[in-house]
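Undergrad: Below you will find the structure I want to go over with you.
No value in this document is a laboratory result; all are computed from the given coordinates. The shown structure was predicted, so the numbers you read here are calculated from the model rather than taken from an experiment. Note: ideal-geometry Cβ built from the backbone for every residue, glycine included; neighbour counts use all protein chains shown.
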Amino acid sequence: MLGKKKQILFSPLEQGKALKKAVSFVPKEIIEQIKNSKLRGCGGAGFPTGLKWELAYNAPGKQKYIICNADEGEPGTFKDRLLITDHAKKILEGMCLSGYAVGATEGIIYLRAEYRYLRPNLIKAIDEMTADSLLGKNILGKNFSFNVNIHLGAGAYVCGEETALLESLEGKRGEARNKPPFPTEKGYLKCPTVVNNVETLCYVPYIVINGPDWFKEFGTIESKGSKLFSISGDVKKPGVYELEMGTSVKEVLDLVQAENTKAVQVGGASGVCIAEKDFDKPLAFESLPPGGSIIVFNKSRDMLHILKNFMEFFVEESCGQCTPCRDGTFRLLEGVKLMEQGRCSIHYLKVLRDLAQTMQIASKCGLGQLAPNSFLSIVDNFKGEILARDRAPESVHA
Amino acid sequence: MKLESMNKQVTEEIQKVVEKYAGRREKLLQILEEINDVYGYLNEYVMKEVAKSLCIATSEVYGVATFYSFLNTTPKGKYIIRLCQTISCDLAGKKQIANALRNELGIEFGQTTSDGKFSLEFTNCIGMCNQGPAMLINDEVYYNLDPEKAVEIVKKYQ
Ligand SMILES: Cc1cc2nc3c(=O)[nH]c(=O)nc-3n(C[C@H](O)[C@H](O)[C@H](O)COP(=O)(O)O)c2cc1C
Ligand code: SF4
Ligand code: FES
């Protein structure tokens, strides 16, 4: 078992305690606490949450919004589904605390269409908290109101990207915006907006109750506290695990009883695929950015088949707005198919690597910037396996 | 419900939905989702009517309607089966499930049965990766599938 083990989200929380405590502070003090805790976003980018709130707090605007990103679409990620199912009130209390800190009275949960069956659960939690005066008008009898609405997505991975999400919330195509301006300055309907991941928001009540120093006791220098990991693939015990930041891949593999492991995909299709030589690396922002997803591949798996699956994903999910991503994902997939048929020259692979690097720099949003990660890491780490395959026989119809 | 040749009712339905959202432009996606729920898809007439009631261009409505995979612009089956094709479900045997469903329904992915009951589609990760293979049938989620189990579930809808 693990030597280091810290459970925050999976430990009990007295509902409303954090809010009761928070309203005895001025909003600025709550922001300071979150800043001091060094909590970082769990949606992928790891942006410091307290700083994000401060930016929204300082941005001029009468109306401000708190948005909970429940679009969870990264392949291999299901931790947010679990939180929405079993810990919905923690999310809502986190949103409400964020609203109090930033000066927002409106919250929106952007729920992916694939999770529509979870909506009744969220509505029930909202109703119960409203009845308990933890949401709605004059919360806890104070001069502070916060409403939460649910907005249903309609099936588009890119809408998890925060600016595409905002476009979608405004009833448009989910095409990412240029940044700046950042959402904290001009977000939903041009108002200052905080977009936070489901999991990020769940940590907030714990930090408000126990204080930033308590949170900082766990984790590494750059990555404090714990993190939920959705673990799937070739393991005996898949599921959602809460692990202290800095846990090594090797420790995770032992925990979930993975055998004969060849490769581990950290951070979903947008993340990187590592080979055995890197299994002792810690899952932390300063080493292997933890993302939310860990997919394990054993020695029987064909890495090219896996890479093809990822590339097909990106070709389908690219919003098509900018050329490096729209054409780049298509070309990378084409290249993988060539490799599969044993028809990709070493020279052409180099051309594809250059293209992948261009995509990382020139794509407009994270989708196109991160799509090459799995391509580059699989090509680099498993070269022997995927290069110079036997030629497939020429198809009659080709 | 069929959309063709009942324009008056359709117009009234659209008006009702648009009014519910107070004619706010930013509610377009919600509006289209609700109409999609009622008729199963959105045709040109619907898009024109929605555009008119929100005072925006039809192309804007069309742009949104075609962007999202849960909005349909052609008629679909009463039940849409969406089988996850992403990596964890792939490793867990989605191909066998796909084959079983194909054989059972006698259609390919992307098609609808002739009685209008089922459409068969692939979708990307639906967040059930630890219990794959997984699929959605409309708003219900099914997981830990094997070929027989998948077919049994589909039969329940028949
Ligand atoms: C293609 C793409 C998809 C994303 N999908 C999600 C998602 O499903 N959920 C999420 O919380 N963040 C997602 N993000 C990250 C968001 O853009 C944003 O950084 C995050 O919601 C901020 O919240 P946090 O600071 O609490 O992490 C995605 C980013 C990209 C580039
Ligand atoms: S990088 Fe891809 S998803 Fe992002 S804006 Fe460009 S085309 Fe769209
Ligand atoms: S990979 Fe199929 S549900 Fe995630």
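Undergrad: Find out how many positive minus negative residues lie around B:L28, taking Lys and Arg as positive, Asp and Glu as negative, among other residues whose Cβ is under 9 Å from that of B:L28.
TA: +1
Undergrad: With springs only between Cα atoms under 10 Å apart, run a GNM on chain B and tell me which of B:I126, B:I56, B:I35 wobbles the most.
TA: B:I56
Undergrad: What is the calculated FRET efficiency for A:F47 to A:Y117, with r their C-beta to C-beta distance and R₀ = 35 Å, to the nearest 0.05?
TA: 0.70
Undergrad: When chain A is treated as a GNM, springs tying every alpha-carbon pair under 10 Å, which of A:K186, A:K364, A:K236 comes out with the largest mean-square fluctuation?
TA: Maximum fluctuation in the GNM of chain A, among the listed residues, is at A:K236.
Undergrad: Under the classification rounded if a/c is under 1.5, otherwise prolate if a/b is larger than b/c and oblate if not, where does the protein assembly as shown fall, given a ≥ b ≥ c as square roots of the Cα gyration tensor eigenvalues?
TA: In terms of gyration-tensor shape, oblate.
Undergrad: Hey, another quick one. Pull out the extension gain between A:N149 and A:E394, defined as 0.36 nm times the separation in residues minus the alpha carbon to alpha carbon distance; nm, one decimal.
TA: In short, 82.6 nm is gained.
Undergrad: May I ask you to derive the FRET efficiency for B:F109 and B:Y45 from their Cβ-Cβ distance with R0 = 35 Å, giving the value to the nearest 0.05?
TA: 0.80
Undergrad: Distance cut-off 28 Å, Cα to Cα: go down the list B:K94/B:K117; A:K236/B:K149; A:K21/A:K237; A:K28/B:K20 and report the pairs above it.
TA: A:K21/A:K237; A:K28/B:K20
Undergrad: Quick one: if you stick a label point 7 Å off each Cα along the C-beta vector at A:D213 and A:S287, how many nm between them?
TA: Result: 2.8 nm between the two label points.
Undergrad: Can you compute the charge dipole magnitude of region A:17-215 about its Cα centre, using +1 on each Lys and Arg Cβ and -1 on each Asp and Glu Cβ, nothing else charged? Give it in debye, rounded to the nearest 20.
TA: 380 debye
Undergrad: In degrees, nearest 10, range 0 to 90: what is the angle between the Cα axis of helix B:94-105 and the longest Cα principal axis of chain B?
TA: 70 degrees
Undergrad: Considering only A:E74, A:E244, A:E217, give the residue with the highest GNM mean-square fluctuation for chain A, with springs between Cα atoms whenever their separation is below 10 Å.
TA: A:E217
Undergrad: OK, next. Using a 10 Å cut-off around each Cβ of peptide A:374-380, what is the average number of partner chain Cβ atoms that fall inside?
TA: Mean number of neighbouring Cβ atoms from other chains: 0.
Undergrad: Please list, by residue number, everything in region B:90-117 whose backbone N is under 18 Å from a paramagnetic label point 7 Å out along Cα→Cβ of B:K155.
TA: In region B:90-117, the label zone of B:K155 (backbone N under 18 Å from the point 7 Å along Cα→Cβ) covers B:97-107.
Undergrad: What average number of partner chain Cβ atoms lie no more than 10 Å from the Cβ of the residues making up B:129-137?
TA: Partner Cβ neighbours, averaged per residue: 4.
Undergrad: Rounded, prolate or oblate: which fits chain B when a ≥ b ≥ c are the square roots of the eigenvalues of the alpha-carbon gyration tensor, with rounded for a/c under 1.5 and prolate only if a/b beats b/c?
TA: Prolate shape, in that a/c is at least 1.5 and a/b is the bigger ratio.
Undergrad: Let me ask another. Quick check on region A:226-298: take the gyration tensor over C-alpha atoms, sort the square-rooted eigenvalues as a ≥ b ≥ c, and tell me if it's rounded (a/c under 1.5), prolate or oblate.
TA: Taking the square roots of the gyration eigenvalues as a ≥ b ≥ c, region A:226-298 is rounded.
Undergrad: Something else now. Please work out the FRET efficiency for the pair A:S345 and B:K95, using the Cβ-Cβ distance as r and a Förster radius of 30 Å; give the result to the nearest 0.05.
TA: Calculated value: 0.50.
Undergrad: Moving to a separate point now. On average, how many beta carbons from a partner chain sit within 10 Å of the beta carbon of a residue in A:163-172?
TA: Partner-chain Cβ atoms within 10 Å, mean over residues of A:163-172: 4.
Undergrad: On a 0 to 90° scale, report how tilted helix B:147-156 is relative to the longest principal axis of chain B, with both axes built from alpha carbons and the result rounded to the nearest 10.
TA: 40 degrees
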